[in-house]
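Novice: First, the structure itself, so that you have it in front of you.
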Amino acid sequence: MPQPLFGLKHLFGIAGLSRDQIESLVNMGDEFIDINSRSVKKAPTLRGRTVINLFFENSTRTRTSFEIAGKRLSADVINISASTSATKKGETLLDTAQTLAAMQPHVLIIRHSVAGTCEFLADYLDNTALINAGDGAHEHPTQILTDLLTLKHNIGSIEGKTMTIVGDISHSRVARSHLIAANILGYKVRLVAPKTLLPSHVRNYGCEVFHDFDAALEGTDILYMLRVQTERLTDNCCFPSTREYHEAYGLNMQRLKAAGDHCMVMHPGPMNRGVEIATNVADSMKSLILEQVEHGVAVRMAALTALCGGATEE
Amino acid sequence: MTDVLITNGRVIDPANHIDEVCDVWVEDGKIAGVGKFEGEATHTIDATGLIVCPGLMDMHVHLREPGEEWKEDIESGSRAAVAGGITSICTMPNTEPCMDHAGIVMQVIARAKEVGLCNLHPIGAVSRKLEGRELSEMRELSRAGAVAFSDDGQPIWHAGVMRKALEYSSSFDFLIIQHAEEKQLTQGGAINEGWISTQLGVAGMPVEGEDCMIARDIMLTRLTKAHYHVAHISSKGAVEQVRAAQAEGLNVTTEAAPHHFALTEDEVLNFNADAKMSPPLRTESDRLAVIEGLRDGTISIIATDHAPHHEDDKRCGLSCAAFGIVGLETMLPIALDLERAGILSMSDLIAKMSCNPAKLLRLPEGTLSIGSAADICIFDANKQWVLDRAQLFSKGHNTPWHGRTMTGQVQYTLKHGRVVFEKGEIL
C-alpha cells in the first residue's frame, strides 16, 4: 500500500486534524490549481491507484469534483450511486462497503446520510483509506478545505477574520466542520439562524450566535450562506415559509452592502436563488461561489494524493 | 439431614434485617434456617468470603419470545438471568404478538417453567397491541399471571387513555409502569440532546421528553389516586419530580437502570451504537441525580431494561441502530460500585434488587425468610473479571461494557434449592 502523506490514514473530518495537516492539504491543493487550468489536464501522480466514489445521497458537485480530481491525477475512478432504503440502511451500507473494499481500491469516498458512517466502516475495512464526502449533519471536510483555499486566494490569511454562517446550522455538516476549523486556525464564526435551526449546545464551540441577521453584518469578512432544505419547512416546523425566511435570513444586496465593501460571499451549493441568496448577490463580484467549485477539484486532488499518492512499499 | 447447606457466608437478607456471617440451610426447596447449623447435609457449599443473599429480581426485562427468538428466547434469557444471580424476572409485553392477551401470558409463563431456571412474571400490556388507544383486559391478564401493566418501549402517549388506564388499573389495585417519553419531542433522536449530539450532528432526545411526560403523569396520578411507576428513570428533572410526588404522598415509584447511574453520554462520542438506548445516557449531572435518588430512597429499585438485539440491528451506524443494551449479566457488578463508593450499604443495595421490587409487585420472592422458596444468590463482591461479550449467556451481545473489568461475580445461583448456576456454568 502507498504510504500516506501528512500522517493521514483517512479523512473523516476536520476534527482530529492538526493545523499543519490542514495547511498542508490546502497548500497542496493550491499547487494543483495549475493543472486544472492547463490545456492538457493530466498528471501521472495517481497512476495505478483505484478510487471508488460511493454516494448514498444525491450529489452532483461533490461526486463530480472527486471524479475529476481522480481522473486528472490518472487514478482509475469508479462511481457508485447506491440507494438507501428508509430503515435497514446499515446492512446495505456495511455489505456494500465490504464488497467494494474486497476489490482492493486504494480509497473509498463515501457520502451517507448517517453521521459517523466513516468511523463506523473503518472498524471493518482494514486496507482501504476512507474519505468522508459528507455524513449526515456531522462533517464535510473537503468542503472546508476548499473554502480555505478559496479564502487564501481572496483574503490571504484567515486568522482573526470573521465568518458569518447563515441558515440551517442544525442540519449542516459544513457549519460543524467550519466551527471546528475555526478553533484550529483561529478565525471567528458567527452563526445566524432562528432557534429552530440551531443545535442545542452550539455556543460551546465558542462562536457568537445571532437571530437577527442585520445585527451580525458589521465586522463580517465572509458571509457564508447555507442551503435551505425546503422539506424542513413542512416536516419539522423549522420556519413558516420561504418568503418569511428570505426576508429574515436571505442575503440581499442591501445586507451585502451593510456588511461592507471588503465582505465576500460563499455558498457550498447548490443554491436556492431567492431563498437564502438573492440572484444579484449570487452573481455579484463579491461572490466566490464558482471559485469554490473550481478549488474543490484541486483540494480533492490533494486529499487523494495525501491518502494514496505516497511512495509504495511492496 | 438437610438438603443444601451454605456455610460461613456473609448472609444478607434485607427483608429480615439480617447481615451476619452464618449458615443458610434448605429443605424441600425452601429456606429451612438461617443461623448456626448443626448436623449433616447432602450438599454443602462453602461460602467463606462470599455474600449469600436472596436470589435477585429484575423487574424490567425484554425477552424476545414469542416473535423475535433470534434476539433472545426464554431459555437464553433465563440462562443470562441466573448467571447474573437473578432468579426472578419480569418481562415486558412488547413480544410479537404482544402480551395483550391472556393466552400469550400463559404461554410465556409455561415456557419459563419448562426451562426451569428462574421465575418469570410477565408484565401485561396496558393497551391492545400497545397502540395506546384501547385498554387491554387487565383483569384477565392478571388472572393469567401478569404482575403489572406497561406498554414499555412505547409510552402511553394519549393523556385521556393514560387517565383511564390509571383509573381502571387502580380500581383493581394494579400497577401501571410508564416508559416516560414525549415522542413529539424525541422523534428522530438517537442520543441525549446536548453538546455531544451537537458535535456529532446526530439528532438528540432532550431530557424534557422524559420530564414533561412524568409531569403529566404525576398530575394524572394525583387525579386518579392510582399507583404509577416510572420505568428506567434517567434525568435529574425526573428524579426531582418523583421525589416531590412522593413527599406529597402520591403513590409514585421508580426504578433506575445500571447504565444510567454508571455511564454518561460520553460513551457515544465515538458513535458507539452499543451505548444507545432509550432513554439515552445523559449528562454527569443527571447521572449524579440518579445516584442521589438511589441513595435517598426516591429510587427504590434497580432494574436493567435488558434489551437484547441482533448485531445486524446494531451494526449500521449510531442513528440507525436499534435502542437497547443487555443487562442481566452485568447488573450486580455494576450495582456493587454504589456500595464500594459508600453510597448504599450492601443491605440497601441488595434490597433494591430483591425485596423492594418483590414488595412493589406483591411477589413472595426476594427474601430468605424461613419457609420461602430457596432462591439464593451467592457472590464474591471483590472478584475481578473482564467482560467478553462473546461469553455472555444472552443471545444479545450489545453491551457497552465489553472489554471492561467488572468487580463482583456470581459464584452460585440456587432456584428452589437447586444449584442452577455454579462458577460460570449453567447446571
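The values are calculated or read from the model by the stated rules, or taken from the named source; none is laboratory data. Computed from a prediction, not measured in an experiment: that's the story for all the values here. Note that each Cβ is placed from the backbone with ideal geometry, even for glycine, and that neighbours are counted across all protein chains shown.
Novice: Quick check: anything in region A:162-169 buried (at least 24 other Cβ atoms within 10 Å of the Cβ), in a helix (DSSP H, G or I) and under 14 Å from the mean Cα position of the chain (by Cα)?
Specialist: No, region A:162-169 contains no residue that is buried (at least 24 other Cβ atoms within 10 Å of the Cβ), in a helix (DSSP H, G or I) and under 14 Å from the mean Cα position of the chain (by Cα).
Novice: Kindly provide the set of residues from region B:1-56 that are within 16 Å of B:S347 (Cβ to Cβ), small (G, A, S) and part of a strand (DSSP E or B), ordered by number.
Specialist: B:G9
Novice: Can I ask one more? If the Cβ limit is 8 Å and pairs must be 6+ apart or interchain, which residue in region A:126-137 that is more than 14 Å from chain B (Cβ to nearest Cβ) pairs with which residue that is among the basic types (K, R) and in a loop (DSSP other than H, G, I, E, B)?
Specialist: Close Cβ pairs satisfying both conditions: A:A129/A:K9.
Quick grid of which residues meet (1) more than 18 Å from the chain's Cα centre (by Cα); (2) over 23 Å from B:L56 (Cα atoms):
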{"residue": "B:D100", "(1), (2)": "yes, yes"}
{"residue": "B:A110", "(1), (2)": "yes, no"}
{"residue": "B:P122", "(1), (2)": "no, no"}
{"residue": "B:S127", "(1), (2)": "yes, yes"}
{"residue": "B:E131", "(1), (2)": "yes, yes"}
{"residue": "B:E137", "(1), (2)": "yes, yes"}
{"residue": "B:R143", "(1), (2)": "yes, yes"}
{"residue": "B:D151", "(1), (2)": "no, yes"}
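Novice: I need a count of the residues in region B:322-359 that are surrounded by 22 or more Cβ atoms within 10 Å (Cβ to Cβ), assigned to a helix (DSSP H, G or I) and of a type in the set (D, E, K, R).
Specialist: Selection size over region B:322-359: 1.
Novice: If you go through region A:35-46 one residue at a time, do you hit one that is without any contact (Cβ under 8 Å) to a residue 60 or more places away in the chain, outside any loop (DSSP other than H, G, I, E, B) and surrounded by fewer than 19 Cβ atoms within 10 Å (Cβ to Cβ)?
Specialist: Checking region A:35-46: at least one residue is without any contact (Cβ under 8 Å) to a residue 60 or more places away in the chain, outside any loop (DSSP other than H, G, I, E, B) and surrounded by fewer than 19 Cβ atoms within 10 Å (Cβ to Cβ).
Novice: Given the residues B:A180, B:A165, which is the only one that is outside any strand (DSSP E or B), touching a Pro at 6+ places or on another chain (Cβ under 7 Å) and either touching a residue at least 40 places away in the same chain (Cβ under 8 Å) or closer than 21 Å to B:A102 by Cβ (or both)?
Specialist: The match here is B:A180.
Novice: If you don't mind, there's one more thing I want to ask. Restricting to region B:295-321, name every residue that is away from chain A (no Cβ under 14 Å), assigned to a loop (DSSP other than H, G, I, E, B) and surrounded by 24 or more Cβ atoms within 10 Å (Cβ to Cβ).
Specialist: If the condition is that a residue be away from chain A (no Cβ under 14 Å), assigned to a loop (DSSP other than H, G, I, E, B) and surrounded by 24 or more Cβ atoms within 10 Å (Cβ to Cβ), then B:T298, B:I299, B:A303, B:T304, B:D305, B:A307, B:P308 are the ones that fit.
Novice: If you go through region A:58-73 one residue at a time, do you hit one that is surrounded by fewer than 17 Cβ atoms within 10 Å (Cβ to Cβ), within 14 Å of chain B (Cβ to nearest Cβ) and either among the aliphatic types (A, V, I, L, M) or out of contact with any Gly (no Cβ under 6 Å at 6 or more places or on another chain) (or both)?
Specialist: No, region A:58-73 contains no residue that is surrounded by fewer than 17 Cβ atoms within 10 Å (Cβ to Cβ), within 14 Å of chain B (Cβ to nearest Cβ) and either among the aliphatic types (A, V, I, L, M) or out of contact with any Gly (no Cβ under 6 Å at 6 or more places or on another chain) (or both).
Novice: Same structure, new question: Kindly indicate the residue of region B:375-421 that is of a type in the set (D, E, K, R) and part of a loop (DSSP other than H, G, I, E, B) and also surrounded by the fewest Cβ atoms within 10 Å (Cβ to Cβ) among those meeting that condition.
Specialist: B:D388
For (1) at positive phi; (2) away from chain B (no Cβ under 14 Å); (3) crowded, with 24+ Cβ neighbours inside 10 Å, each residue gets a yes or a no:
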residue	(1), (2), (3)
A:G186	yes, yes, no
A:V202	no, no, no
A:C207	no, no, no
A:R227	no, yes, no
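Novice: Residues B:E267, B:E292: which one is within 14 Å of chain A (Cβ to nearest Cβ) and either surrounded by 21 or more Cβ atoms within 10 Å (Cβ to Cβ) or modelled with pLDDT of 95 or more (or both)?
Specialist: B:E267 is the lone residue from the list that is within 14 Å of chain A (Cβ to nearest Cβ) and either surrounded by 21 or more Cβ atoms within 10 Å (Cβ to Cβ) or modelled with pLDDT of 95 or more (or both).
Novice: So is A:L145 out of contact with any Pro (no Cβ under 9 Å at 6 or more places or on another chain) and within 14 Å of chain B (Cβ to nearest Cβ) or not?
Specialist: Here the answer is no, as A:L145 does not meet what is asked.
Novice: Sticking with this one: Residues A:A258, A:A278: which one is among the small types (G, A, S) and either under 21 Å from A:M28 (Cβ atoms) or surrounded by fewer than 15 Cβ atoms within 10 Å (Cβ to Cβ) (or both)?
Specialist: From the options A:A258, A:A278, the qualifying one is A:A258.
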